[in-house]
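A.B. asks: Got a structure here, written out as structure tokens. Questions coming.
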């Protein structure tokens, strides 16, 4: 498949730039609050699971989602538990089974980190009509699907 050219290439570049700047912002905002990138990824995975009705997650499911080893996941969860962002609870019927939940503190931290960006983005959208926003929403959804459809382990020609 040919590469994008002209205005479509500009769009690809802008999407990449937005992704990179968002990533750098998350790194800086997390660092200012003593959170590593892996901490943010874990909290995002837990929040997404809650939104999708898959909560609580087990440490094993979280490890698979983050592509971490069991020991790295334990270290990550220990750090998040110490910082008050995650609670681990043991199943009453099977003490080996552990469930993970984000705390209210994690939600407050997320709002303090990303609330200003969300507000700025909302403000930036004010100059666009509902129809234009719908086109952008459909476009970004298609971009998410395009990325999800790729296998990074296989080179395409």
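The values are calculated or read from the model by the stated rules, or taken from the named source; none is laboratory data. Remember, it's a predicted structure, so these values are computed and weren't measured experimentally. Cβ coordinates were reconstructed from backbone atoms using ideal geometry, including for glycine residues, and neighbour counts include every protein chain displayed.
A.B. asks: Quick one: which of 46, 57 is farther than 22 Å from residue 27 by Cα, in contact with a strand residue (DSSP E or B) (Cβ under 6 Å, 6 or more places away or on another chain) and surrounded by 14 or more Cβ atoms within 10 Å (Cβ to Cβ)?
C.D. replies: Every option except 57 fails the conditions.
A.B. asks: Got a sec? Which helices (runs of 4 or more DSSP H) wholly within region 28-146 have at least 2 residues that are over 15 Å from the mean Cα position of the chain (by Cα) and more than 30 Å from residue 11 (Cα to Cα)?
C.D. replies: By residue number, 59-66, 70-82, 104-124.
A.B. asks: Since residue 21 meets every condition but one in (1) in contact with a helix residue (DSSP H, G or I) (Cβ under 7 Å, 6 or more places away or on another chain); (2) modelled with pLDDT of 95 or more; (3) under 23 Å from residue 111 (Cβ atoms), which condition does it not meet?
C.D. replies: So residue 21 meets the others, but not (1).
A.B. asks: Ok, one more. Is there a residue in region 49-57 that is at pLDDT 95 or above and at negative phi?
C.D. replies: no
A.B. asks: Here's a follow-up. Counting only residues that are surrounded by 12 or more Cβ atoms within 10 Å (Cβ to Cβ) and closer than 15 Å to residue 121 by Cβ, how many does region 20-32 have?
C.D. replies: Of the residues in that region, 4 qualify.
A.B. asks: Restricted to region 147-157, and to residues that are without any contact (Cβ under 8 Å) to a residue 60 or more places away in the chain and assigned to a loop (DSSP other than H, G, I, E, B), which residue is surrounded by the fewest Cβ atoms within 10 Å (Cβ to Cβ)? Spell out the reasoning first.
C.D. replies: Let us first name the residues in region 147-157 that are without any contact (Cβ under 8 Å) to a residue 60 or more places away in the chain, namely 147-155, 157.
So of that shortlist, the ones also assigned to a loop (DSSP other than H, G, I, E, B) come out as 149-155, 157.
Working: 149: 7, 150: 9, 151: 7, 152: 6, 153: 5, 154: 6, 155: 6, 157: 3.
Top of the filtered list is 157.
A.B. asks: Restricting attention to region 77-85, does a residue exist that is more than 21 Å from residue 33 (Cβ to Cβ) and either surrounded by 15 or more Cβ atoms within 10 Å (Cβ to Cβ) or touching a residue at least 12 places away in the same chain (Cβ under 8 Å) (or both)?
C.D. replies: No, region 77-85 contains no residue that is more than 21 Å from residue 33 (Cβ to Cβ) and either surrounded by 15 or more Cβ atoms within 10 Å (Cβ to Cβ) or touching a residue at least 12 places away in the same chain (Cβ under 8 Å) (or both).
A.B. asks: Going by what's in this entry, would residue 89 be described as touching a strand residue (DSSP E or B) at 6+ places or on another chain (Cβ under 6 Å), surrounded by fewer than 14 Cβ atoms within 10 Å (Cβ to Cβ) and touching a residue at least 12 places away in the same chain (Cβ under 8 Å)?
C.D. replies: Considered against the rule, which asks whether it is touching a strand residue (DSSP E or B) at 6+ places or on another chain (Cβ under 6 Å), surrounded by fewer than 14 Cβ atoms within 10 Å (Cβ to Cβ) and touching a residue at least 12 places away in the same chain (Cβ under 8 Å), residue 89 comes out as yes.
A.B. asks: Checking the condition touching a strand residue (DSSP E or B) at 6+ places or on another chain (Cβ under 9 Å) and either modelled with pLDDT of 95 or more or within 22 Å of residue 52 (Cβ to Cβ) (or both), which residue from 106, 120, 124, 142 passes?
C.D. replies: 106
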